[in-house]
1. Could you count how many Lys pairs in the chain have their Cα atoms under 13 Å apart, skipping same-chain pairs fewer than 8 positions apart?
2. In what sequence do Tyr3, Tyr68, Tyr28 fall when counting other Cβ within 10 Å, fewest first?
3. Of Phe27, Phe20, how do they rank once you tally other Cβ atoms within 10 Å and put the fewest first?
4. For Ser43, Ser37, Ser49, what's the fewest-to-most ordering of other Cβ within 10 Å of each Cβ?
5. Along the range 77-82, what does the Karplus equation 6.51 cos²θ - 1.76 cosθ + 1.60 (θ = phi - 60°) give for ³J(HN,Hα), rounded to whole Hz, x for Gly and Pro?
6. With viscosity set to 1.306 mPa s at 10 °C, what whole-number translational diffusion coefficient in µm²/s follows for the range 3-80 from Stokes-Einstein and a Kirkwood radius over Cα pairs?
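Just so it is clear, none of the values below were taken in a lab; they were calculated from the coordinates. All of these numbers come straight from a predicted model, not from anything done at the bench. Methodologically, a virtual Cβ is constructed for each residue, glycine included, from the backbone with ideal geometry; neighbour enumeration extends over all protein chains shown.
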Amino acid sequence: MDYYLITFSSTHAAMAAQKFLKDKIHFYVMPTLREISNSCGISLKINDSAYEEIMEAIKDFPINHGMYKIYLITPSEIKVMN
């Protein structure tokens, strides 16, 4: 199953994103995949059909662009989306 994963450079950024996105898009909090990052251990998992919603929501993100990354996770690859 394909999905998007938002990773963060700090726990503070992850918590700010959770608070900001909780009423905007449906997500699950999950551990960050070690194949992606060894910094913050918290990531947000979002359904692969919600890409447009993600991009719209992050326009007003309360955290700097450099403090998060969005990945598309598929069975065969991990692709950076931003």
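1. The number of close lysine pairs in the chain is 4.
2. Least crowded to most crowded, the residues run Tyr28, Tyr3, Tyr68.
3. Fewest-to-most Cβ neighbours within 10 Å comes out as Phe20, Phe27.
4. Fewest to most other Cβ atoms nearby, the residues stand as Ser49, Ser37, Ser43.
5. Whole-Hz 3J(HN,Hα) from phi for the range 77-82: 7, 10, 10, 6, 9, 9.
6. Here the translational diffusion coefficient equals 128 µm²/s.
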